[in-house]
1. Considering only residues that are under 18 Å from the mean Cα position of the chain (by Cα) and among the basic types (Lys, Arg), which ones fall in the stretch 57-95?
2. Yes or no: residue 224 farther than 19 Å from residue 50 by Cα and either of a type in the set (Gly, Ala, Ser) or at pLDDT below 95 (or both)?
3. Looking at (1) open to solvent by 50 Å² or more (accessible area, probe 1.4 Å); (2) under 16 Å from residue 180 (Cβ atoms); (3) under 16 Å from the mean Cα position of the chain (by Cα), find the lone condition where residue 126 falls short.
4. Taking the stretch 125-144 as the region of interest, how many residues are modelled with pLDDT of 95 or more and among the aliphatic types (A, V, I, L, M)?
5. Cβ contacts < 7 Å: first residue farther than 11 Å from residue 97 by Cβ and without any contact (Cβ under 8 Å) to a residue 24 or more places away in the chain, restricted to the stretch 137-157; second residue open to solvent by 30 Å² or more (accessible area, probe 1.4 Å) and of a type in the set (A, V, I, L, M, F, W, C), any location; separation 6+ or different chain. Result?
6. Cβ-Cβ below 9 Å, separation at least six or inter-chain, first residue in the stretch 39-51 and closer than 19 Å to residue 73 by Cβ, second within 7 Å of the ligand (Cβ to nearest atom) and hydroxyl-bearing (Ser, Thr, Tyr): which pairs?
7. Within the stretch 52-79, can you find the residues that are open to solvent by less than 40 Å² (accessible area, probe 1.4 Å), without any contact (Cβ under 8 Å) to a residue 40 or more places away in the chain and not in a helix (DSSP H, G or I)?
8. Just to be sure I understand, how many residues within the stretch 30-58 are among the charged types (D, E, K, R) and within 7 Å of the ligand (Cβ to nearest atom)?
Amino acid sequence: MRDYIEFKDVKKIYKMGEVNIEALSGVDFTVNKGEFVVVAGASGAGKSTILNILGGMDSPTSGQIIVDNNEINKYTNKELITYRRYDIGFVFQFYNLVQNLTARENVELATQICKNPLDLDQVMEAVGLSHRKNNFPAQLSGGEQQRVAIARALAKNPKLLLCDEPTGALDYNTGKAILKLLQDTCRKMKMTVIIITHNLALTPMGDKVIKVKNGKINSITINENPTPVERIEW
Ligand SMILES: Nc1ncnc2c1ncn2[C@@H]1O[C@H](COP(=O)(O)OP(=O)(O)OP(=O)(O)O)[C@@H](O)[C@H]1O
């Protein structure tokens, strides 16, 4: 069977006036369906560039990106819009919620632009927010706001859940609860989840750990027995 996601010799060069910045200099990796993947590396290594290209928010300078048998590097802008809308759930460090909509309405908004959304109230319950769904973001803690953002991404029933430093703005225990939610979601919903972190202590939680350094893959490790998040201390 073909890998679910394949990056083949992916390069990304940003042109800043006369200066070329090589963010990715030939990146190769694969991801299986339903895998819980940790992408780790120092600041500036190229992690976000990889996730943004995979999520259809940026395009490579060269190379091939295959997702579920589709060569997304060949997508037109219109196809990329559809890809982002239907296939990708994205979770960011700073939640990016609409402040004048309730938690439930934030999630509902996302489901209105996709094909097969999940049941709103079931998703709110799955992320542990049934009791806060009528609150506005400003009435929620950081961890609760991130749960709304995760619910919003999941409710679209995406092929891939991409998370860029999802716990970067949260304290230790709240961050841990969010990572546990993501790991549990991957297992229960058989969702392919890719998480960026700069915290190497978190790598035991991944089924696969992709370490990035200076725009290249430094190592790829498979954890035969990934550690449940609640057992990791950092
Ligand atoms: N839009 C852009 N224009 C120019 N340079 C960029 C752009 N996006 C990223 N870069 C550069 O590409 C390199 C990789 O950046 P990237 O954001 O992917 O790293 P990162 O590993 O995610 O870092 P961090 O952990 O700090 O977010 C960096 O040198 C960065 O400055």
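1. Across the stretch 57-95, the qualifying residues are 84, 85.
2. no
3. (3)
4. 2
5. From the stretch 137-157, no pairs qualify.
6. Within 9 Å, the pairs are 49/14.
7. 56
8. Step one: of the stretch 30-58, the residues among the charged types (D, E, K, R) are 33, 35, 47, 58.
This time we only want the ones that are within 7 Å of the ligand (Cβ to nearest atom), so: 47.
Of the residues in the stretch 30-58, 1 are among the charged types (D, E, K, R) and within 7 Å of the ligand (Cβ to nearest atom).
The values are calculated or read from the model by the stated rules, or taken from the named source; none is laboratory data. Remember, it's a predicted structure, so these values are computed and weren't measured experimentally. Every residue, glycine among them, receives a Cβ derived from its backbone with ideal geometry; neighbour counts consider all protein chains shown. Side chains are part of the model used for accessible areas, which takes the heavy atoms of the whole protein and leaves out ligands, DNA and RNA. Shrake-Rupley method; radii C 1.70, N 1.55, O 1.52, S 1.80 Å.
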